[in-house]
Amino acid sequence: MDGKMRHEVAAPGGVWVITCAVLELEVEAMLRDRADVVGVTRLPQGLHNEPDRLREELQLRIDEAETCAGCGVIVLVYGLCSRGTEGLRTRRCRLVIPRAHDCITLLLGSKERYAAYVSEHPGTYWYSPGWNAHHVPPGPKRYELLRREYVEKYGEDNADFLMEMEQGWFKEYNRATYVHLSIGATDEDRAETRRCADWLEWTYDEVAGDPGLMEALLSGAWDEERFLVLEPGEAFVMTADERVIERVKGEASS
């Protein structure tokens, strides 16, 4: 033991995992042959764009998992995700979530590594096997699909104006970084990310992830520094420090 408080999955009571589709390949690989996992729920990518909807969907899945008599712990393979996970709570099971702002922290292996990379490269837009598979990232394909949709709905002139607005937010970025845990990563995927970077006139980078954080989350090695383990009725809110989230016993604001 390293001196940090550590929680383990208690028996009886198995683990129910709720994950975003962006991380489904990694989760599937890490859960292979795990007898204590009684269920896995996958939610679609993109719900963080509507935080209230993400919260509603996750709470519904938590409630469903708690109807399983064999479930004792619910593990969220999510970060804070635009505060869309704030306020979630269970009635009888424990709830575990990593101290992470989003899924990129889970891929990189720690919130410290994420903060260091973003500090050095503040204009980074992240690509990954899951991101590339479940949505169309910035690049020529996205541009063509979106412009075609706008033309069909609003006509050529309006489409040109809307595309200028769409391209405007790209100015906040200057780097396309492909992060992966080897799982699901392919040469074709790397090449597509590089094509996006070239088209956008961004720098391309590739970062090897670290599976340690996800492996600990899914195996029950929950130290206080990296995870928050909530008892029934407790919720969490965002903090303004390196903890990312903290527990609250009353109603969590969102």
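The values are calculated or read from the model by the stated rules, or taken from the named source; none is laboratory data. A quick note: this is a predicted structure, and the numbers were derived from the prediction, not measured. FYI the Cβ positions are ideal-geometry reconstructions off the backbone, even for glycines, and counts take in every protein chain you see. Note: accessible area is taken over every heavy atom of the protein model, side chains too, but ligands, DNA and RNA are not part of it. Shrake-Rupley method; radii C 1.70, N 1.55, O 1.52, S 1.80 Å.
Here Pro140 meets each of (1) closer than 30 Å to Gly212 by Cβ; (2) touching a residue at least 24 places away in the same chain (Cβ under 8 Å) with one exception, condition (1).
Applying a threshold of 7 Å to beta carbon distances and a minimum spacing of six or more residues, or different chains, the list of pairs starting in region 186-202 at a residue that is farther than 13 Å from Ser128 by Cα and ending at one that is of a type in the set (Lys, Arg) and surrounded by 15 or more Cβ atoms within 10 Å (Cβ to Cβ) reads Trp202/Arg175.
Among the conditions (1) touching a Lys or Arg at 6+ places or on another chain (Cβ under 9 Å); (2) open to solvent by less than 40 Å² (accessible area, probe 1.4 Å); (3) farther than 28 Å from Val118 by Cβ; (4) at pLDDT 95 or above, the only one that Gln59 does not satisfy is (2). Within region 38-56, the set of residues being without any contact (Cβ under 8 Å) to a residue 60 or more places away in the chain and either open to solvent by 60 Å² or more (accessible area, probe 1.4 Å) or more than 20 Å from Val237 (Cβ to Cβ) (or both) comprises Val38, Gly39, Val40, Thr41, Arg42, Leu43, Asn49, Glu50, Arg53, Glu56.
Quick check, is Gly39 modelled with pLDDT of 95 or more, part of a strand (DSSP E or B), of a type outside the set (Ser, Thr, Tyr) and closer than 19 Å to Met214 by Cα?
Details: modelled with pLDDT of 95 or more: yes; part of a strand (DSSP E or B): yes; of a type outside the set (Ser, Thr, Tyr): yes; closer than 19 Å to Met214 by Cα: yes.
Against the criterion (modelled with pLDDT of 95 or more, part of a strand (DSSP E or B), of a type outside the set (Ser, Thr, Tyr) and closer than 19 Å to Met214 by Cα), Gly39 qualifies.
Considering the conditions (1) over 20 Å from Val179 (Cβ atoms); (2) open to solvent by less than 10 Å² (accessible area, probe 1.4 Å), Ala197 is excluded by exactly one of them, (1).
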